[in-house]
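Everything below concerns the one structure shown next.
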Amino acid sequence: MLSDFIINEQVIKPGENKQIVLNSYQLHTKTNIEIPVFVFRSNRKGPTILLSAGMHGEETNGIEIIRRLITRDEIQNLKCGALIAIPVINSVSFLFGSRDLPDGRDLNRCFPGNKNGSLGSRIAYDLMKYIIPLIDFGIDFHTGGAKINNSPQIRCVFEFPENVTIAERFSAPIIINSNYREGTLRKEAAKKDKPILVYEGGESMRFDYHAINEGINGCLRLMKSYHMIDSDVPRNHSVKIEKDTWIRAHASGLFHMNVLNGAYVGKGDLLGVICNPFGDVEHKILSTADGYIIGINNQPVVNQGDALIHIGIED
Ligand SMILES: [Zn+2]
């Protein structure tokens, strides 16, 4: 017999789909900010997966990925297991389109949280108390920043075989070995033996349909691999990245890329140029390693020393 899920006093029975509220916080305007949670449960035993996005309020690709997933019939009629989907964890920051909370804190440095702490600490506490104990594993969706566009990638810790299994089943084009950072959901969930992998795709405040589609397809592959749904999505040839390096601007000027994000490049290949605005100077940017481009700077104007191209080097 499967037991009931209880999330902050709201009961979700086996076989039930329900929209509930993780918690509600009042702003200084008396406006209540709720964190909606969508729970989809089958009557049959299977894993419980968490999909979360909007930890950083300006990272919209993950929000769109979850929005599209939860409207699908097969998600609303899971064959086994359960899905807990939180499209916008950080509703307050999403309202303002900002990465951080109104007090300047980064929610993803507030874990494991405290029920009497700052707003971020309280949201982190709610997730750790009500959601993490229910799940087997999860994917937390992020994007690059305002300048950096990340090619679609899953970040996990290669040292832990369960992390690698989930990453391979998700089958993002690129899988990166990435150590835990203090204060993150990923690290604190791992301490409870609940692997959370981070998906990164695109950049903040901008939809990137390639990254959105790869995110959706990864979730469908993952759920299919546990027999939760029927959709068959072809796998990517995933590349495992162990090390990374940034190519920085050795001159200031207008930056042009010659290669696409995600492409394989060889050491010495021409990746782009930096020109001055007056047409008399052009610096070549050559690759410093053999590897895959996992992130690019989209700023047209760069200063000497700026990070331009992030290269991931295979295992
Ligand atoms: Zn983020």
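Could you list log10 I(q)/I(0) for the chain at q = 0.16 Å⁻¹, which the Debye formula gives when each Cα is one point scatterer?
-1.31
Using only C-alpha positions, report the orientation-averaged shadow area of the convex hull of segment 193-239, nm², one decimal.
Values: hull surface 18.8 nm².
Across all orientations, segment 193-239 yields a mean hull projection of 4.7 nm².
Do any trypsin sites (Lys or Arg not before Pro) in segment 182-211 lie in a DSSP loop with no more than 14 other beta carbon atoms within 10 Å, and if so, which?
192
Can you show me the helix-derived [θ] at 222 nm for the chain, built from DSSP H runs with n ≥ 4 at -39,500 (n - 2.57) apiece and divided by the number of residues, rounded to the nearest 500. All intermediate terms of the calculation are to be shown ahead of the outcome.
Working: 7 runs with 63 residues, N = 315.
Rounded to the nearest 500, the figure is -5500 deg cm²/dmol.
What Kirkwood hydrodynamic radius, in Å, does segment 142-192 give when the mean of 1/r is taken over all pairs of distinct Cα atoms and then inverted? Intermediate values should be presented prior to the final figure.
On the way: mean 1/r = 0.0831 Å⁻¹.
Final number for the Kirkwood radius of segment 142-192 is 12.0 Å.
In debye, nearest 20, what is the charge dipole magnitude of the chain about its Cα centre with +1 on Lys and Arg Cβ and -1 on Asp and Glu Cβ, if you could check? Don't skip to the end; give the middle numbers.
Values: 34 positive and 36 negative charges, 172 e Å.
Here the chain has a charge dipole of around 820 debye.
For segment 21-103, which trypsin sites (Lys or Arg not before Pro) pass both filters: DSSP loop (anything but H, G, I, E, B) and at most 10 other C-beta atoms within 10 Å?
Working: sites: 30, 41, 44, 45, 67, 68, 72, 79, 99; in loops: 30, 44, 45, 72, 79, 99.
Within segment 21-103, the qualifying trypsin sites (Lys or Arg not before Pro) (loop, at most 10 other Cβ atoms within 10 Å) are 30.
Translational diffusion coefficient, Stokes-Einstein: compute it for segment 132-255 using the Kirkwood radius over C-alpha pairs as Rh, at 10 °C and 1.306 mPa s, and state it as an integer in µm² s⁻¹. Don't skip to the answer; put the middle values down first.
Details: Rh = 15.5 Å.
Using the Kirkwood radius from Cα pairs, D works out to 102 µm²/s.
Exactly which trypsin sites (Lys or Arg not before Pro) in segment 209-314 are in a DSSP loop and have at most 15 other Cβ atoms within 10 Å?
Values: sites: 221, 224, 235, 240, 243, 248, 267, 284; in loops: 235, 267.
Counting only loop positions with at most 15 other Cβ atoms within 10 Å, the trypsin sites (Lys or Arg not before Pro) in segment 209-314 are 235, 267.
Using only the Cα atoms, what convex hull volume per residue in Å³ does segment 63-135 have?
On the way: hull volume 6.7 nm³, N = 73.
Convex hull of Cα atoms, per residue: 92 Å³.
Taking GluC sites (Glu not before Pro) as exposed when DSSP calls them loop (any state but H, G, I, E, B) and at most 11 other Cβ atoms lie within 10 Å, what is the longest stretch of the chain free of them, the sites themselves excluded? Each step should come with its number before you reach the end.
Details: sites that count: 9, 159, 182.
Longest site-free region, per DSSP loop and neighbour criteria: 10-158.
What percentage of the solvent-accessible surface of the chain, computed with a 1.4 Å probe over protein heavy atoms, is contributed by carbon and sulfur atoms?
Values: 7030 of 14400 Å².
C and S atoms contribute 49 percent here.
Report the FRET efficiency, 1/(1 + (r/R0)^6), for residue 315 and residue 180, where r is their Cβ-Cβ distance and R0 is 22 Å, rounded to 0.05. Please list the in-between numbers first.
Numbers: r = 19 Å, r/R0 = 0.88.
Once the sixth-power term is evaluated, E becomes 0.70.
Regarding segment 230-315, what's the average projected area of the Cα-atom convex hull, expressed in nm²? Walk me through the numbers on the way to the answer.
Numbers: hull surface 27.5 nm².
Directional mean of the projected Cα hull area for segment 230-315 stands at 6.9 nm².
Computed FRET efficiency, Cβ-Cβ of residue 298 and residue 26, R0 41 Å: what is it to the nearest 0.05? Walk me through the numbers on the way to the answer.
Numbers: r = 38 Å, r/R0 = 0.92.
It comes to 0.60.
Solvent-accessible area per residue for the chain at a 1.4 Å probe radius, Å²?
On the way: 14400 Å² over 315 residues.
Each residue of the chain exposes 46 Å² on average to a 1.4 Å probe.
So how far, in whole Å, is the C-alpha centre of segment 11-64 from the one of segment 164-188?
Each part reduced to its Cα centre gives a spacing of 21 Å.
Across bins of 5 angstrom width beginning at 0, how are the C-alpha pair distances of segment 184-287 distributed, in whole percent?
2, 9, 12, 13, 17, 15, 11, 8, 6, 4, 2, 1, 0
The values are calculated or read from the model by the stated rules, or taken from the named source; none is laboratory data. None of the values given here were measured: they were computed from a predicted structure. When we count neighbours, we look across all protein chains shown, and the Cβ atoms used for this are built from the backbone with ideal geometry, even at glycine. Note: accessible area is taken over every heavy atom of the protein model, side chains too, but ligands, DNA and RNA are not part of it. Shrake-Rupley method; radii C 1.70, N 1.55, O 1.52, S 1.80 Å.
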